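K.L.:
One structure, as structure tokens, below. Some questions next.
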Amino acid sequence: MNFFQRQIKLKPYPRGFHLITDEVLRAFPEIKQINMGQLQVFIKHTSASLTLNENADYTVRTDFESHFNKMVPENAPYYRHTYEGPDDMPAHIKASLLGASVEIPVSDGKLNLGIWQGIYLCEHRDFGGSRNLVITVFGV
Amino acid sequence: MNFFQRQIKLKPYPRGFHLITDEVLRAFPEIKQINMGQLQVFIKHTSASLTLNENADYTVRTDFESHFNKMVPENAPYYRHTYEGPDDMPAHIKASLLGASVEIPVSDGKLNLGIWQGIYLCEHRDFGGSRNLVITVFGV
Amino acid sequence: MNFFQRQIKLKPYPRGFHLITDEVLRAFPEIKQINMGQLQVFIKHTSASLTLNENADYTVRTDFESHFNKMVPENAPYYRHTYEGPDDMPAHIKASLLGASVEIPVSDGKLNLGIWQGIYLCEHRDFGGSRNLVITVFGV
């Protein structure tokens, strides 16, 4: 059984959805030692999130931003948590809808993703700054 | 520590929400060897997803389909990723709202699900075809 | 490799979003023995769920309740699963949007959460009663 864990800080990303698969893999060369296992990427924040989705056409990512802004609008009349700005409360809700982590099987030293799957950083704040991730890999 | 991993291909399902608990369990008799552990079911696609929900009344699953079609409609005027058909972009968004994997505790050689919980395949495309799953079980 | 698993029953919570981080940690002193690992909290129900979000201002949690009630309304005309009351079908949908489990890295004997992150019990029923959790911790 091998167990690896490391914390990394992403560069700041603008509000929106961003592919970070390569950044995650570069941070974790030890994955090559895992024949059969699982990798978790966890984000230590409540207004940004992680998901898996299409890694090819960038309009998928801009359509995500459009749709989440419609489904979880700014300035809804029922928000009471408003003092950190209009982008704050929607960011919390979007973060929980998408989730703080992704868990991906590892097979033969590689992420066993589908051919079209990539890891998205979902930045829900206008100026979210650098986000901290904890990456954990384990297996045999 | 035991570690098992296997890829399976589901039969094609029509658009909608479908119970696949039995199909997953049939593919993994080794779960009986795990006294205390965890099972992950992971889907290698970006327009279908997995979730846990009620395993009894089938109208729960048809109501899921109705509600997701309303919450993430086809032909929204702001979609730009439209060339794969009107069911494509909503499928990507629904997939991320529900997620690409479920992680379930294993106790005494069985999935430790609640009495009403089952595993749903959420097929968001009109003609999604056969979907590939990676199932990973580990524990002691 | 250490592996611990335990089932706990929460006290009944009213409909809404509730911080349960301390309750989870009190149930699991063994986490101190894990230098590097992962904790899963899993809920054995289909009308309540778990998520991670802000642990400070309680209006974040009341805004969650307001927004989810808007995004997944009661008495939608297309619901057919209605015989358990108007809060039932929305509860199932909310549960799948948020998910039945959270997976959190463990580092140096502690949950490696961000400073603002806490574990929410999301109680979607008017009278959900006591909810059962399975907590699994493993690592080295």
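FYI, it's all coordinate maths here, none of it is from the lab. Worth saying up front: this structure is predicted, and the values here are computed from it rather than measured. Note that we place each Cβ from the backbone using ideal geometry, even for glycine, and neighbour counts take in every protein chain shown.
K.L.:
Do you know the relative contact order of segment C:70-140, to the nearest whole percent, from alpha carbon pairs under 8 angstrom that are 6+ apart?
P.N.:
Here the relative contact order equals 27 percent.
K.L.:
How far, in degrees from 0 to 90, does helix B:88-98 lean away from the longest principal axis of the Cα atoms of chain B, to the nearest 10?
P.N.:
For B:88-98 against chain B, the angle is about 40 degrees.
K.L.:
Let me ask something else. Apply the a/c threshold of 1.5 to the C-alpha gyration tensor of the protein assembly as shown and tell me whether it is rounded, prolate or oblate.
P.N.:
Because its axes are fairly even, with a/c under 1.5, the protein assembly as shown counts as rounded.
K.L.:
7 Å from Cα along Cα→Cβ at both A:Lys110 and B:Asn35: what's the point-to-point distance in nm?
P.N.:
So the label points at A:Lys110 and B:Asn35 sit 3.7 nm apart.
K.L.:
In peptide A:45-57, what is the residue-averaged number of other protein chain Cβ atoms found within 10 Å of each Cβ?
P.N.:
5
K.L.:
Give, in nm to one decimal, the length gained when the segment between C:Asp57 and C:Lys70 is fully stretched (0.36 nm per residue of separation minus the Cα-Cα distance).
P.N.:
Taking 0.36 nm per residue and subtracting the Cα distance, the gain is 2.6 nm.
K.L.:
Hey, can you grab everything whose amide H is under 5 Å from the amide H of A:Glu84? Only 5+ residues off in sequence or another chain; H modelled, so Pro and N-termini drop out.
P.N.:
none
K.L.:
Hey, in the GNM for chain B with a 10 angstrom Cα cutoff, which one of B:Ala91, B:Ala27, B:Ala76 fluctuates hardest?
P.N.:
B:Ala76
K.L.:
Report ³J(HN,Hα) in whole Hz for each residue of segment C:8-18, in order, from the Karplus equation J = 6.51 cos²θ - 1.76 cosθ + 1.60 where θ = phi - 60°; Gly and Pro get x.
P.N.:
Values per residue, Gly and Pro as x: 10, 10, 6, 5, x, 10, x, 3, x, 10, 9 Hz.
K.L.:
Moving to a separate point now. Determine the relative contact order of segment B:2-139: mean sequence separation of Cα pairs under 8 Å and six or more apart, normalised by residue count, in whole percent.
P.N.:
55
K.L.:
Charges at C-beta only: +1 for Lys and Arg, -1 for Asp and Glu. How large is the resulting dipole of chain B about its Cα centre, in Debye rounded to 20?
P.N.:
It comes to approximately 340 debye.
K.L.:
What is the local net charge at B:Phe138, summed over the other residues whose Cβ is closer than 13 Å to its Cβ (Lys, Arg +1; Asp, Glu -1)?
P.N.:
Net charge around B:Phe138: -2.
K.L.:
Place a +1 charge on the Cβ of each Lys and Arg in the protein assembly as shown and a -1 charge on the Cβ of each Asp and Glu, then give the dipole magnitude about the Cα centre in debye, rounded to the nearest 20.
P.N.:
It comes to approximately 820 debye.
K.L.:
Continuing with the same structure: Net charge around B:Tyr79, counting only other residues with Cβ within less than 14 Å of its Cβ (Lys, Arg = +1; Asp, Glu = -1)?
P.N.:
So the surrounding residues net to -4.
K.L.:
For segment C:102-117, just list the computed ³J(HN,Hα) in residue order, Karplus coefficients 6.51, -1.76 and 1.60, θ = phi - 60°, integers in Hz, with x standing in for Gly and Pro.
P.N.:
10, 10, 10, x, 10, 9, 6, x, 9, 4, 8, 8, x, 4, 9, 8
K.L.:
Once the other residues with Cβ under 11 Å from the Cβ of A:Gln38 are scored (Lys, Arg +1; Asp, Glu -1), what is the net sum?
P.N.:
Taking every Cβ under 11 Å from that of A:Gln38, the sum is -3.
K.L.:
To the nearest 10 degrees, how steep is helix C:58-71 against the longest Cα principal axis of chain C, on a 0 to 90 scale?
P.N.:
Tilt relative to chain C: about 40 degrees.
K.L.:
Give the average, rounded to an integer, of partner chain Cβ atoms located within 10 angstrom of each Cβ in B:88-101.
P.N.:
Rounded to a whole number, the mean comes out at 6.
K.L.:
Can you give the mean number of other chain Cβ atoms that lie within 10 Å of the Cβ atoms in peptide B:113-119?
P.N.:
4
K.L.:
Place the peptides A:78-87, A:117-126 in order of packing, highest mean first, counting for every residue the other Cβ atoms within 10 Å and averaging per peptide.
P.N.:
A:117-126, A:78-87
K.L.:
Sorted by average packing, counted as other Cβ atoms within 10 angstrom per residue and highest first, what order do C:54-60, C:94-100 take?
P.N.:
Those peptides, ordered most packed to least, come out C:94-100, C:54-60.
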